[in-house]
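What follows is one structure encoded as structure tokens, with my remarks underneath.
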Amino acid sequence: MIDKYNREINYLRISITDRCNLRCVYCMPKEGVSFIGHEDILRYEEILRIAEAAVKTGVIKIRVTGGEPLVRRGVIDFLSSLKKVEGLRDVSLTTNGILLEDYAEEIFDAGIKRINVSLDTLSPDKYRDITRGGDISRVIRGIRKALDIGFAPIKINVVAIKGFNDDEIIDFVKLTTDKPYQIRFIEFMPVGDSALENSLGYLSNDEILKGINSFSPLERVYMGSGGADGPARLYSVKDALGKIGFISAMSHEFCSSCNRLRLTADGHLRACLLSDEPTVDLKTPLRSGCSNSELGALIENLISRKPSGYKTGCQQIQRRKCVTNMASIGG
Ligand code: SAM
Ligand code: SF4
């Protein structure tokens, strides 16, 4: 469906759980988020109905995320069913990678070939600090296994934080030399209580780009409309197998090309990452026996209310203080 600002809304991110086996300092408080009760989490059959209805409104790509999607029981069967939804062209997964080594083969066999793994540092000690206890060796083994099995692309999400990983940018870039990874630098967003409380240093993608260019000039890469690089601006170092992507949510306005909807684990469909409004509750109608066409009408109505955009400067976000945590929205 095309919205009133002429954007084609064709991408849905689904958070299947708000639970996580890590506690990244910018995403969750150390005690975890106030977990949604078991009864309030959408069942897989309910998510599949929403996915089918969304596809009828024009969604062609779905990304499964969380919390950590691989901690939810039954996720592999769910991915396999989602992959079979008629009309859906692409299903991908975002994971922190802790359980990737265990599940990589099953995920691949379920038909998912595109994966994003979050990894903000290459140092075991710093990884333990930023994730509050995570073991980086598991993530590294998971990424290597994903590469061996044949996942493509493998995107590595790096939230850039001044004073934390700005000294590792070139090390991340070097990972693309002989491996086809796509390293994606994501600007830290002060969204949710944890991000606000931890007063982490903001580092703009332009600063990173400048730093990389002085190490080795980057060439711009265009993937075309079928390239599925989404909001990322892509580059590569000459002769490198991999790519470098920049997701500049804070410094570059990208609302005008936003094609996304987000489904939270408790069944709320959101039209905007940075605003709790407008949202529609799909769980209540689903559990009251609504038809597929009623579900589709609710989704279309939300799309018709999708805002044109938000000013994404830190101050604006902090002033509005989005109440929801990233782990509930799915990033
Ligand atoms: N647990 C999975 C993971 O970490 O990849 C999936 C969910 S996580 C919420 C999705 C993405 O959001 C991750 O790449 C994470 O780094 C990013 N994220 C979380 N909080 C963020 C923040 N405040 N600013 C920017 N990115 C953030
Ligand atoms: Fe968990 Fe992902 Fe949030 Fe880290 S960013 S706490 S891994 S949901």
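Overall dimensions of the range 11-329, expressed as equivalent-ellipsoid semi-axes from the Cα gyration tensor (√(5λ), whole Å, largest first), are 30, 22, 20.
Using the Cα centre of the range 11-329 as origin and beta-carbon charges of +1 (Lys, Arg) and -1 (Asp, Glu), tell me which of Cys27, Tyr181, Gly58 is placed farthest towards the positive end of the dipole. Most positive-ward Cα: Gly58. Here the range 75-94 is scanned for amide nitrogen atoms under 19 Å from the site 7 Å beyond the Cα of Glu105 along Cα-to-Cβ, giving 75-80.
Computed about the Cα centre, the dipole magnitude for the range 11-329 is approximately 480 debye when only Lys and Arg (+1) and Asp and Glu (-1) carry charge, each at its Cβ. Length gained on full extension, Glu46 to Lys4, computed as 0.36 nm times the residue gap minus the Cα-Cα distance: 12.3 nm. Around Leu48, with a cut-off of 15 angstrom between Cβ atoms, what is the net charge of the other residues, counting Lys and Arg +1 and Asp and Glu -1? Here the count lands on +3. Which lysines does Lys210 reach when only Cα atoms under 30 Å apart count, and residues fewer than 8 places away in its own chain are ignored? Cross-link targets: Lys126, Lys155, Lys162, Lys174, Lys179, Lys238, Lys243, Lys311.
Would you list which aspartates and glutamates come within 17 Å of Lys83, measuring only between C-alpha atoms, while excluding same-chain residues fewer than 8 positions from it? Partners found: Glu45, Glu46, Glu52, Glu105, Glu106, Asp109. Using the Cβ-Cβ distance between Arg144 and Met223 with R0 set to 25 Å, the FRET efficiency works out to roughly 0.50. Between the range 105-158 and the range 33-87, the C-alpha centres lie 21 angstrom from each other.
Taken together, the values in this text are just the output of simple stated rules run on the coordinates, not laboratory data. Please read these numbers as outputs of a predicted model, since none were measured by experiment. Every residue, glycine among them, receives a Cβ derived from its backbone with ideal geometry; neighbour counts consider all protein chains shown.
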